[in-house]
Amino acid sequence: MEIMPYIWFGIAIVAGCLEATTYQLVSIWFVLGAVVTAIVSIFIPELVWVQVVIFIAVSIISLVATRPFVKKIAKVKKQPTNSDRYIGMTGVVVKDIDNSIGTGQVNVKGSIWSAASADDSVISVGEKVKIIEIKGVKLIVSQEKE
């Protein structure tokens with residue numbers, strides 16, 4: 001089967017084109033596997049099953065070997081927003097926080113926010129709370145210890 005090197009190079013080209021049209025590394029490992037297999041198929045053209053095993057093995061090995069590097073360079077950084085500045089600040093409860101009935105408001109630096117308790121505890125009006133995180137338009141808070 002002298003046509004096998006061409007088939008493997010064709011697979012490499014198709015995977016390379018697919019890779020070129022995406023924003024993330026999704027098929028580069030298949031390109032490498034297909035190129036290596038195309039070279040091997042020149043020397044053992046009659047053993048197609050060996051070629052398939054080599055293709056799979058090289059693709060998996062290259063994926064595993066480059067995964068830490070790819071995760072490092074493709075790391076998506078969270079873009080902070082203006083509301084993120086409230087995280088870690090102290091606020092005052094202006095409406096009782098009760099997760100079971102979905103009520104609660106907190107005043108932080110003059111802004112009134114809907115709030116929920118991080119530990120599902122009920123927090124009364126006037127209590128000081130620390131903002132732990134923001135989920136949607138709701139502050140997740142914990143009662144400050146005095």
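Assorted remarks:
- Rounded FRET efficiency, nearest 0.05, which uses the C-beta distance separating Val14 from Leu47 and R0 of 25 Å: 0.65
- Hydrodynamic radius of the chain per Kirkwood, over alpha carbon pairs, in Å: 19.7 Å
- Residues whose amide H comes within less than 5 Å of that of Glu127, counting only those at least five positions distant or on another chain, are Val93 (H built at 1.01 Å from N in the peptide plane).
- Compactness of the stretch 20-66 was expressed as the Cα radius of gyration divided by 2.2 N^0.38 Å, which yields 1.23.
- In percent, rounded to a whole number, the relative contact order of the chain is 15, using alpha-carbon pairs under 8 Å and six or more apart.
- Per-pair calculated FRET efficiency, R0 = 25 Å: Val26 and Tyr6 via Cβ, rounded to 0.05: 0.55
- The packing ranking of peptides 24-30, 118-124, 38-44, highest mean first, is 24-30, 38-44, 118-124, where packing means the average number of other beta carbon atoms within 10 angstrom of each residue.
- Rg(Cα)/(2.2 N^0.38 Å) for the stretch 1-42, N = residue count: 1.17
- Net length gained if the chain between Lys138 and Ser121 were fully extended (0.36 nm per residue, minus Cα distance): 4.5 nm
We did not get these values from a lab; they are worked out from the coordinates using the rules stated. Everything numeric in this text was worked out from a predicted model, so none of it was measured. With ideal geometry, Cβ positions are generated from the backbone for all residues, glycine too; neighbour counts draw on all protein chains shown.
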